[in-house]
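Peer 1: Quick one: this structure, given as structure tokens, is what I'll be asking you about.
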């Protein structure tokens, strides 16, 4: 999108280009800022980036060029090691937390060097000896199971090279999926592995990246040898919660405390700014660097997850069969329900759903999880549930959250020689992904 011809003429007359420092006069006030591109809104309104990093829109009466934008210089970071500190490896896999503001364009962009990442929160060097590796830079919603495997390999390599802890910088949208995968791919974990993200970009005063990453590094020096997710515990800057990697969900689009443990308590919290660790559960593996990692890192990308909804048609399931999908996770309603019974002419299609599920179950695996947040599956209560169990739908009496069930099925099919082996894995508690008793 471009500015109006009137604005373009005004800028051309004063020889002003994008990103120039200009003074804009409008009625009774003047304001200085950097001229930014117009992406939306009124074409007669100039967009300026102020010195505090925020953008404003203003309709100009006159403009004056003051100079060009200075290029930001990053501080030089020294990587001096302290033998008294633990060694923590940061693996960057994209997301807001591994991004920074380009003050030339005003956009959030990936940080591509270790120096850029360390410039966010230099205090992490006081907590541990930090080394950084860039795995890849992408928006987390664009990841595939193959990217989970790349992250797992990066963690394994860090463990083999002697790391005392690993922190994975990751986008928040699918952070829970990646953390759940590593809980299955990296078994018998000898050290802490901590996923961390940010809900707010670095140009915002409410940015949570600095506190989150500092608390995550502290968690990576702890005695909790689990895959965890470290994010703000509440809206204030008081603490970060250390959630179990396969029992956590992003529950809000933008709040800093979006991540919540589902069905269990967090392992611990890291208080801020003291970085004091408060243990909330005792059922975690302790750090033991002599423990041998069990690495199972293959994926099957022919797995789908569908949400049960009124009016669901069998075409969805039939298309999965046609395209040779091997796994299907159903987000059922309530106790694990799916529309398979016909009552009248409007619900007749439900019978086709049942027949399609029977066909899928003969050649693949169907796993039931509930689209409710808390509680467990019980397909023994209603006849439709019992019919699903009878055709081989798994998940009965378990409380695995849908995202984790999908991830586990991707992993189980990828690391099994037969469907029967994968079915056994899905019903086996590998990493605390389901609980014996519901606490909430």
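Peer 1: If you average 1/r over all unlike Cα pairs in the range 294-430 and invert the result, what Kirkwood radius do you get in angstrom?
Peer 2: Across the range 294-430, the inverse of the average 1/r is 15.0 Å.
Peer 1: Another one. How much mean residue ellipticity at 222 nm does the chain get from its helices, if each DSSP H run of length 4 or more adds -39500 (n - 2.57) and you divide by all residues, to the nearest 500 deg cm²/dmol?
Peer 2: Working: 11 runs with 109 residues, N = 440.
The helix contribution divided over the chain gives -7000 deg cm²/dmol.
Peer 1: Order the peptides 117-128, 177-188, 230-241 from the highest to the lowest mean number of other Cβ atoms within 10 Å of their residues. Don't skip to the end; give the middle numbers.
Peer 2: Values: 117-128: 18.3, 177-188: 23.9, 230-241: 20.2.
Ranking the peptides 117-128, 177-188, 230-241 by packing returns 177-188, 230-241, 117-128.
Peer 1: Separate question: Using only the Cα atoms of the range 109-266, what are the Rg and Dmax in Å?
Peer 2: 14.3, 40
Peer 1: Take the alpha carbon atoms of the range 152-176, find their center, do the same for the range 386-401, and report the distance between the two centers in whole angstrom.
Peer 2: What the calculation gives is 33 Å, centre to centre.
Peer 1: Helix 145-160 against the longest principal axis of the chain: what's the angle in degrees, Cα atoms only, rounded to the nearest 10?
Peer 2: The answer is roughly 80 degrees.
Peer 1: Quickly rank 283-289, 344-350, 401-407 as a protection proxy: mean count of other C-beta atoms within 10 Å, highest first.
Peer 2: Working: 283-289: 14.3, 344-350: 11.6, 401-407: 25.9.
Answer by packing, highest mean first, reads 401-407, 283-289, 344-350.
Peer 1: In percent, what relative contact order does the chain have, based on Cα pairs under 8 Å that are 6 or more apart in sequence? Could the numbers behind the result be given before it?
Peer 2: On the way: 970 pairs, mean separation 48.3, N = 440.
It comes to 11 percent, rounded to a whole number.
Peer 1: Then there's this: Could you work out how far helix 209-220 tilts from the main Cα principal axis of the chain, as a 0 to 90 degree angle to the nearest 10?
Peer 2: 50 degrees
Peer 1: Could you tell me what fraction of 2.2 N^0.38 Å the Cα radius of gyration of the chain comes to, as a two-decimal ratio?
Peer 2: On the way: Rg = 25.8 Å, N = 440, 2.2 N^0.38 = 22.2 Å.
Here the answer is 1.16, to two decimals.
Peer 1: While we're looking at this one, here's another question. Rg and Dmax of the range 203-282 over Cα atoms: what are they, in angstrom?
Peer 2: 11.8, 38
Peer 1: Distances longer than 16 Å among the Cα atoms of the range 5-68: what percent of all pairs is that? Each step should come with its number before you reach the end.
Peer 2: Values: 734 of 2016 pairs.
That tail contains 36 percent of the Cα-Cα pairs.
Peer 1: Run the numbers on the range 5-68 and let me know its relative contact order in percent, using alpha-carbon pairs under 8 Å that are six or more apart. Before the final figure, lay out the partial values.
Peer 2: Values: 113 pairs, mean separation 23.9, N = 64.
This gives 37 percent for the range 5-68.
Peer 1: So what is the relative contact order of the range 87-295, in percent, for Cα pairs below 8 Å that sit 6 or more residues apart? Can you show the working numbers first?
Peer 2: Details: 497 pairs, mean separation 44.0, N = 209.
After rounding, I find 21 percent.
Peer 1: How do the peptides 351-357, 311-317 rank, highest first, by the average count of neighbouring beta carbon atoms within 10 Å per residue?
Peer 2: On the way: 351-357: 18.6, 311-317: 16.0.
Descending packing order for the listed peptides: 351-357, 311-317.
Computed from the coordinates by the stated procedures, all read-outs in this text should not be read as laboratory data. All values derive from a computational prediction rather than experimental measurement. Every residue, glycine as well, gets a Cβ built from its backbone with ideal geometry; the counts of neighbours run over all protein chains shown.
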